[in-house]
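Visitor: Dumping the structure here so I can ask a few things about it.
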């Protein structure tokens, strides 16, 4: 028997807001989290803007113990611990370090890299023949699964506890992996999410690839322009998002707040064939991922009220829109409304999918479509596919029943989730 | 510009915003804009903008934060004038 | 903890000019400036956001022995027509505003829902109304209830040595006065 799966808690650390309530306000208001970073300019980056969540020392102390914070320098793990702990508490669970191991609850919490700053510090020490001076936490802070290790201990989870990694599709993949585990009955509850480090050592490689915009260093908030004719590359961001997935039975039994239902989804890969490469998607696979997700959710294309796209603000945005129109067989005025959170917070890389999933679920719960910033001049190729009013630039109050969310990542990997109002 | 002249021009600037004439008459370096002169907090920014115009200086956010008394205002204006 | 602010809109119109160069830039975040400029009635939004900032500031100064003028650092988010969040440093304040043709009132609180008592009165009657309200609640005689100020000049009310208010905020502007009380 397949269990129905619902979302009962969420937490978020985003460049434009930390905490679920602030995030809800920020996305409704169209608040940008993109700022100028002097350090990037000092390091001669072309793109000197980015999205970094603002987390104070006081806040760190609320989530990590003084012992954990000794020699701690892993932004992604910090963001993930805050979002994950918040989501768990939001779902109505006490965070108690003496609680018994909860074998019915697990976690899939993804990331791209972990502890880059810490790793850099360690490498300098190693090259200086000071291996004995590394300290005891380099391994846990820099191993890929550092985040699930830290968070699993804070929450006392006893089901599967793991970290997944699929580039910019990581957050969406994490959700679907957790979804399958709850749906199959192998766990009653899974915390799913993802996080990303920030700063020069994470973003440098993208700057070198020339996929970041360099035109908006003087007006950071205008820099991230998904779907715009003036889009000139993405703006890097960071943070974390977390959601508690739970079987409908247990959610109802404990009278939890239900944010939305996960109807289904799909993960696939284009195999880097048919136009797909290490960094570009195979369009056929993208369309297939969307149609298979719709099949899995057992809905009709016409039932989709809105799309939360991947839409990074590179030249690939029109191709993504084209893939949606082909997969849904809907275009022009018949196309659902579509938005991209990246216009406010940039592309948060491995954290993107889960922060955007949190935003998508908030839209369903509170019945609105957040505005697309910096998109007054829509790319002409997009206007050939869908009508302009499908890309709202102002907050839209709207009856919503089903939203489709997709994420795509380097390695030609795709993920698509179908959320439904509960 | 010496301190006395500074206070005189500052007095001219804040005059339209004060709501306690008595305190204004007895104005000294220790006078507080809000507690003594009862300047409405919504008008503090006007005092700051007027000071910028009058002395042709720019008061950054950090200095603005402290500008709650005659003494603080004088200190800030003097520092900025000496810099330019 | 609570803090409030009231703005007499006709007085605000004559006393201040929000369109003055530098006015928005010095006091409002980039996002707030954009919201204001896109609003159908920017004047009202300017003062609504201002009152949210001021109300949050008044909560903050009751907790911290510090005075300063940094409205831009109080970052406002409107979550519905009347409710908002104001973030300052790592703290979030919850605000609830009432906007009429004549005035804007905002109550700020450290909590999502507050049990604060609020009353709109003529400015000259604020103190006496607070005392008589405290008399109703505590049964101490109003004539023996005294207002004192903390070192930060936040008002507190005492009967002899007994502190009656957990948090008290008073505000007046033009023709309007208001007080909000949390009983001890």
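Visitor: Using the beta-carbon distance between residue A:128 and residue A:54 and R0 = 30 Å, what value does 1/(1 + (r/R0)^6) give for FRET efficiency, to the nearest 0.05?
Guide: In this case the efficiency is close to 0.35.
Visitor: Then there is this: Cα centroid distance between region B:42-84 and region A:269-300, in Å?
Guide: If we compute the Cα centre of each part, the gap is 60 Å.
Visitor: Follow-up question, since we're still on this one. What is chain A's relative contact order, in percent, from Cα pairs under 8 angstrom and six or more apart in sequence? Walk me through the numbers before you get to the answer.
Guide: Details: 1122 pairs, mean separation 101.2, N = 422.
Once divided by the residue count of chain A, the mean separation gives 24 percent.
Visitor: Can I ask one more? Given labels modelled 7 Å from the Cα in the Cβ direction, how far is it in nm from residue B:54 to residue A:248?
Guide: 7.0 nm
Visitor: If R0 is 41 Å, what FRET efficiency do you get for residue B:82 and residue B:38 from their C-beta distance, rounded to 0.05?
Guide: The calculated FRET efficiency here is 0.85.
Visitor: Still on this structure, I have one more. How tilted is helix B:44-55 with respect to the longest principal axis of chain B? Cα atoms for both, answer in degrees (0 to 90, nearest 10).
Guide: 50 degrees
Visitor: Okay, next question. Can you compute the FRET efficiency between residue A:219 and residue A:44 using 1/(1 + (r/R0)^6), with r the Cβ-Cβ distance and R0 = 25 Å? Round to the nearest 0.05.
Guide: Calculated transfer efficiency: 0.80.
Visitor: Report, in whole Å, the centroid distance computed from the Cα atoms of region A:58-77 and region B:2-33.
Guide: Taking the Cα centre of region B:2-33 as reference, the centre of region A:58-77 is 49 Å away.
Visitor: Let me ask something additional. Could you check what % of the DSSP bridge pairs in chain A are antiparallel, to the nearest 5? Don't jump to the answer; show the numbers that get you there.
Guide: Working: 43 of 64 bridges.
Expressed as a percentage, antiparallel bridges in chain A total about 65.
Visitor: Under the classification rounded if a/c is under 1.5, otherwise prolate if a/b is larger than b/c and oblate if not, where does chain A fall, given a ≥ b ≥ c as square roots of the Cα gyration tensor eigenvalues? Could you put the intermediate results ahead of the total?
Guide: Values: a/c = 1.64, a/b = 1.13, b/c = 1.45.
Oblate.
Visitor: Give the relative contact order (percent, whole number) for chain B; include only Cα pairs under 8 Å separated by 6+ residues.
Guide: In percent, rounded to a whole number, it is 31.
Visitor: Could I ask something else about it? Can you work out the PRE-style zone for residue A:367? Point 7 Å along Cα to Cβ, and I want the residues of region A:390-422 with backbone N under 18 Å.
Guide: It comes to A:395-403, A:420-422, nothing else.
Visitor: Points 7 angstrom from Cα along the Cβ direction at residue A:120 and residue C:183: gap in nanometres?
Guide: Computed distance between label sites residue A:120 and residue C:183 equals 5.8 nm.
Visitor: Expressed as a rounded percentage, what relative contact order does chain C have, with Cα pairs under 8 Å and six or more residues apart?
Guide: The normalised contact order for chain C reaches 28 percent.
Visitor: In whole Å, how far is the Cα centre of region A:102-136 from that of region C:1-63?
Guide: One Cα centre to the other: 46 Å.
Visitor: Once you have the Cα-Cα distance between residue A:61 and residue A:303, take 0.36 nm times their residue separation minus that, and quote the gain in nm to one decimal.
Guide: 82.6 nm
Visitor: For chain C, find the longest principal axis of its Cα atoms and tell me its angle to the long axis of helix C:126-138, 0 to 90°, nearest 10.
Guide: Between the helix axis and the principal axis of chain C, the angle is about 50 degrees.
Visitor: At 0.36 nm per residue, minus the direct Cα-Cα distance, what do residue A:210 and residue A:101 gain on full extension? Give it in nm, one decimal, please.
Guide: Going from the current span to full extension adds 34.5 nm.
Visitor: Quantify how strongly other chains surround peptide C:64-75 by giving the mean number of their Cβ atoms within 10 Å of each of its Cβ atoms.
Guide: If you average over the peptide's residues, the count of other-chain Cβ atoms is 4.
Visitor: Another question, if that's okay. Relative to the longest principal axis of the C-alpha atoms of chain C, give the angle of the C-alpha long axis of helix C:42-63, reported between 0 and 90° and rounded to the nearest 10°.
Guide: Result, in degrees: 40.
Throughout, read-outs are computed from the coordinates displayed, never taken from laboratory work. Here the structure is a predicted model, which means the values were calculated and not measured. With ideal geometry, Cβ positions are generated from the backbone for all residues, glycine too; neighbour counts draw on all protein chains shown.
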